[in-house]
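K.L.:
I'd like to ask some things about the structure below.
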Amino acid sequence: MGSSEKVFRIGLVAPGTRMSKSLAQKAIEVAARQYGERVELLFHPQCFEQAGHFAGTDRARIDALVEVANDPEIDAVWLARGGYGACRIAEYAIPQLHDPARAKKWLGYSDAGFLLAGLYKAGFKHVAHGPMPVDLIREDGEQAVGRPRHLEVLILAGATGETVHRLERDCSVQRKHQKVVEESPSLAVSPAL
């Protein structure tokens, strides 16, 4: 890696269920194979805590999320796994997030989608439904984690509540955060969708 290239630092927290250190290590190894030294995964210690079936107490999960999100040295927040606990902390964590958190990219799914929806409602612009490190336990998990899609979808909604899908485009091929290839309509979106 050239000295002028900044390492993209991704902070990981587990707002719901805990994860094992071995799974975190596997995610670090996958990221190293895929991106070399350009990406650094930073698992918050809270990911490995346990309080019942959660990754620590509600307070510990809130504090970890707020700490990682507000850290200006971290470029993105990747939710390590889903779980009901994410729903329990969203309303307490989101009001504590400041400008550095708003500038970050956020990624996750499952019950973490509740948290992502709350962020979006609060005006966060870079939230995405996508793979999490927990997907590495699946047979095709490395492929799912290593090749997320960047899709943009335009949906128009009227005052009557009627919605119309007008355009989708696949912007997955990027270089240094610049779109290199953009497909429209996206091949990843079925006509049924």
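K.L.:
When the accessible area of segment 19-75 is split by element with a 1.4 Å probe, what percent falls to carbon and sulfur?
P.N.:
Working: 1550 of 2970 Å².
Carbon with sulfur: 52 percent of the solvent-accessible area.
K.L.:
With each label point set 7 Å from Cα along the Cα-Cβ vector, what nm distance links Thr57 and Lys125?
P.N.:
Spacing of the two 7 Å Cα→Cβ label points: 3.8 nm.
K.L.:
Name the long-range amide H neighbours of Ala80: under 5 Å, sequence gap of 5 or more, or other chain; modelled H, no Pro or chain starts.
P.N.:
Placed amide hydrogens put Val13, Ala14 under 5 Å from Ala80.
K.L.:
Taking R0 as 41 Å, what FRET efficiency do you get between Ser22 and Glu162 from their Cβ-Cβ distance, rounded to the nearest 0.05? Please list the in-between numbers first.
P.N.:
Working: r = 49 Å, r/R0 = 1.19.
It comes to 0.25.
K.L.:
For a 18 Å ceiling on Cα separation, which of these pairs sit above it: Lys104/Lys125; Lys6/Lys104; Lys21/Lys105? Don't skip to the end; give the middle numbers.
P.N.:
Values: Lys104/Lys125 9 Å; Lys6/Lys104 15 Å; Lys21/Lys105 24 Å.
As for pairs spanning more than 18 Å Cα to Cα, those are Lys21/Lys105.
K.L.:
Another question about this same structure. Can you tell me the FRET efficiency between Glu29 and Tyr84 if r is taken as the Cβ-Cβ distance and R0 is 30 Å, rounded to the nearest 0.05?
P.N.:
Working: r = 29 Å, r/R0 = 0.97.
Efficiency computed from Cβ-Cβ geometry: 0.55.
K.L.:
Which order do Phe48, Phe114 take by accessible area at a 1.4 Å probe, largest first? Kindly include the intermediate steps, with their values, before the conclusion.
P.N.:
Numbers: Phe48 45, Phe114 115 Å².
Accessible-area ranking of Phe48, Phe114, largest first: Phe114, Phe48.
K.L.:
Residue by residue, what Karplus-based ³J(HN,Hα) values in Hz, rounded to whole numbers, does segment 13-22 have, using 6.51, -1.76 and 1.60 with θ = phi - 60° and x for Gly and Pro?
P.N.:
9, 10, x, x, 7, 6, 10, 7, 5, 5
K.L.:
Give, in nm to one decimal, the length gained when the segment between Asp99 and Glu139 is fully stretched (0.36 nm per residue of separation minus the Cα-Cα distance).
P.N.:
Values: separation 40, 0.36 × 40 = 14.40 nm, distance 3.81 nm.
The span from Asp99 to Glu139 would gain 10.6 nm if fully extended.
K.L.:
Using a 1.4 angstrom probe and counting only protein chains, how large is the accessible area of Asp111 in Å², to 10?
P.N.:
60 Å²
K.L.:
Give the shape of segment 1-44 as rounded, prolate or oblate, defined through the alpha-carbon gyration tensor: a ≥ b ≥ c are the square roots of its eigenvalues, a/c under 1.5 means rounded, and otherwise the shape is prolate if a/b is larger than b/c and oblate if not.
P.N.:
Verdict is oblate for segment 1-44.
K.L.:
Another question, then. Quick check on segment 1-138: what are the equivalent-ellipsoid semi-axes from the Cα gyration tensor, as sqrt(5λ), descending, whole Å? Write out the running numbers ahead of the final one.
P.N.:
Working: eigenvalues 98, 68, 32 Å².
Ellipsoid semi-axes (Å, largest first): 22, 18, 13.
K.L.:
May I ask you to order 28-35, 88-95, 126-133 by the average number of other C-beta atoms within 10 Å around their residues, highest value first? Could you put the intermediate results ahead of the total?
P.N.:
On the way: 28-35: 15.0, 88-95: 17.9, 126-133: 19.6.
For the peptides 28-35, 88-95, 126-133, the packing ranking is 126-133, 88-95, 28-35.
The values are calculated or read from the model by the stated rules, or taken from the named source; none is laboratory data. Note that this is a predicted model, so its numbers are computed, not measured. Cβ atoms come from the backbone with ideal geometry, glycine included; neighbour counts cover every protein chain shown. SASA here: full protein model, heavy atoms, side chains in, ligands and nucleic acids out. Shrake-Rupley method; radii C 1.70, N 1.55, O 1.52, S 1.80 Å.
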